[in-house]
């Protein structure tokens, strides 16, 4: 499974950064041709499920996910959320960790291992590069949005 690693620094303190990066409905708006469907009542916690549906003109695929770790940042302690992908097409997991930065603001660590069933392993570098680009853009946009 290709690994995706993104580190992003922001002037936002950890809690506001956390709130923006764990607003699952806003994630869909950052990925082309995607919308997010929340399947469980809020607030987010372990067991929360949602699906990122991507597609156009009836050709779609779902990326269902479940929150398996939910630890919002508190004081100097970093925040960590882990999502497990439960789909037939997209598999793997993602983690978003938000740490206080020594000089103020925070540092976001996005880690993901993503698999696409039916895709040959020879395409793993393409999947990883595409994921870094898409998710890096989503992180920047989510953190800069008002």
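The values are calculated or read from the model by the stated rules, or taken from the named source; none is laboratory data. None of the values given here were measured: they were computed from a predicted structure. Using ideal geometry, Cβ is built from the backbone for each residue, glycine included, and neighbour counts are taken over all protein chains shown.
Any residue at all in region 33-52 that's assigned to a loop (DSSP other than H, G, I, E, B), within 18 Å of residue 138 (Cα to Cα) and free of Cβ contacts under 8 Å to residues at least 40 places away in the same chain? Show your work before the answer.
Our first condition is that a residue be assigned to a loop (DSSP other than H, G, I, E, B); within region 33-52, this holds for 33, 39-48.
Then keep just the ones that are within 18 Å of residue 138 (Cα to Cα); that gives 33.
Cutting the leftovers down to free of Cβ contacts under 8 Å to residues at least 40 places away in the same chain gives us 33.
Yes, region 33-52 contains a residue that is assigned to a loop (DSSP other than H, G, I, E, B), within 18 Å of residue 138 (Cα to Cα) and free of Cβ contacts under 8 Å to residues at least 40 places away in the same chain.
Taking residue 22, is it in contact with a strand residue (DSSP E or B) (Cβ under 7 Å, 6 or more places away or on another chain), surrounded by 15 or more Cβ atoms within 10 Å (Cβ to Cβ) and either at pLDDT 90 or above or more than 17 Å from residue 79 (Cβ to Cβ) (or both)?
Working: in contact with a strand residue (DSSP E or B) (Cβ under 7 Å, 6 or more places away or on another chain): yes; surrounded by 15 or more Cβ atoms within 10 Å (Cβ to Cβ): yes; either at pLDDT 90 or above or more than 17 Å from residue 79 (Cβ to Cβ) (or both): yes.
When the stated conditions are applied, residue 22 passes them.
Of everything in region 54-70, what is over 22 Å from residue 19 (Cα atoms) and touching a residue at least 12 places away in the same chain (Cβ under 8 Å)? Give them in sequence order.
Matches in region 54-70: 54, 55, 56, 61, 62.
Residue by residue through region 74-112, note down the ones that are over 23 Å from residue 137 (Cα atoms) and touching a residue at least 40 places away in the same chain (Cβ under 8 Å). Don't jump to the end; show me each part of the working.
At the first step, the residues of region 74-112 found to be over 23 Å from residue 137 (Cα atoms) are 74-77, 86-88, 102-103.
Residues satisfying the conditions do not exist here.
Tally up the residues in region 52-85 that are at pLDDT below 95 and farther than 22 Å from residue 108 by Cα, please.
11
Does residue 46 satisfy the criteria of being surrounded by 16 or more Cβ atoms within 10 Å (Cβ to Cβ) and either over 21 Å from residue 13 (Cα atoms) or over 14 Å from the mean Cα position of the chain (by Cα) (or both)? It would help to see each step written out before you state the result.
Details: surrounded by 16 or more Cβ atoms within 10 Å (Cβ to Cβ): no; either over 21 Å from residue 13 (Cα atoms) or over 14 Å from the mean Cα position of the chain (by Cα) (or both): yes.
Answer is no for this residue.
Go through (1) modelled with pLDDT of 95 or more; (2) over 18 Å from residue 111 (Cα atoms); (3) within 16 Å of the chain's Cα centre (by Cα); (4) part of a helix (DSSP H, G or I) for residue 15 and report which single condition fails.
Going through (1) modelled with pLDDT of 95 or more; (2) over 18 Å from residue 111 (Cα atoms); (3) within 16 Å of the chain's Cα centre (by Cα); (4) part of a helix (DSSP H, G or I) one by one, residue 15 breaks only (3).
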